[in-house]
1. Here are some residues: I38, I25. Which one is in a helix (DSSP H, G or I), surrounded by 16 or more Cβ atoms within 10 Å (Cβ to Cβ) and under 12 Å from the mean Cα position of the chain (by Cα)?
2. Quickly run through segment 52-63 and pick out the residues that are open to solvent by 70 Å² or more (accessible area, probe 1.4 Å) and in a strand (DSSP E or B).
3. L49 passes all but one of (1) open to solvent by less than 50 Å² (accessible area, probe 1.4 Å); (2) touching a residue at least 40 places away in the same chain (Cβ under 8 Å); (3) more than 21 Å from A6 (Cβ to Cβ); which number fails?
4. Looking at (1) surrounded by 12 or more Cβ atoms within 10 Å (Cβ to Cβ); (2) in a helix (DSSP H, G or I); (3) free of Cβ contacts under 8 Å to residues at least 40 places away in the same chain, can you tell me which one I44 breaks?
5. Write out, first by first residue and then by second, each pair whose Cβ atoms fall under 6 Å of each other, whose residues are 6+ apart or on separate chains, and whose first residue, in segment 1-20, is exposed (fewer than 15 other Cβ atoms within 10 Å of the Cβ) while the second is in a helix (DSSP H, G or I).
6. Exactly one of these conditions fails for M88: (1) of a type outside the set (G, A, S); (2) surrounded by fewer than 17 Cβ atoms within 10 Å (Cβ to Cβ); (3) farther than 23 Å from M1 by Cβ; (4) at pLDDT below 95. Give me its number.
Amino acid sequence: MKNADAISAFLALGQETRLNIFRLIVQRGDIGLTPSQIIEKLGIPNATLSFHLKELVGADLLLVERQSRNLIYRPNAKLVQDLSGFLMENCCGGKSCVSVSLVKKAK
């Protein structure tokens, strides 16, 4: 993953409403959510939701598919995995961070 891709994802998630939308959609996984379901759960006005979904899709965090009359939004699991890997790539100099944190807590 390139820095520019990570920055784009973080900028999209750096707004509370978009983060809430993304987290809700991630909870549904491959099932995804329609805009009406998101509105029902989060109480976001339709025009506002459309703007935020556009930003999340533009950052490649969400995938959208048309099923008859509905749009279904799903998390882009590959990008989320790549982003996580990007963040942890140089963690703890290549050593396990879990053992370091457990040792610190034990003291």
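1. Exactly one of I38, I25 is in a helix (DSSP H, G or I), surrounded by 16 or more Cβ atoms within 10 Å (Cβ to Cβ) and under 12 Å from the mean Cα position of the chain (by Cα), namely I25.
2. Within segment 52-63, L63 is the sole residue that qualifies.
3. So L49 meets the others, but not (2).
4. (2)
5. Matching pairs, first to second residue: T17/H52; L19/L13.
6. With respect to (1) of a type outside the set (G, A, S); (2) surrounded by fewer than 17 Cβ atoms within 10 Å (Cβ to Cβ); (3) farther than 23 Å from M1 by Cβ; (4) at pLDDT below 95, M88 is out only on (3).
The values are calculated or read from the model by the stated rules, or taken from the named source; none is laboratory data. Predicted, not measured: the structure shown is a model, and the values here were computed from it. Cβ sites come from the backbone with ideal geometry, for glycine too, and all protein chains shown count toward neighbours. We work out accessible area using only protein heavy atoms, side chains counted, and drop any ligands, DNA or RNA first. Shrake-Rupley method; radii C 1.70, N 1.55, O 1.52, S 1.80 Å.
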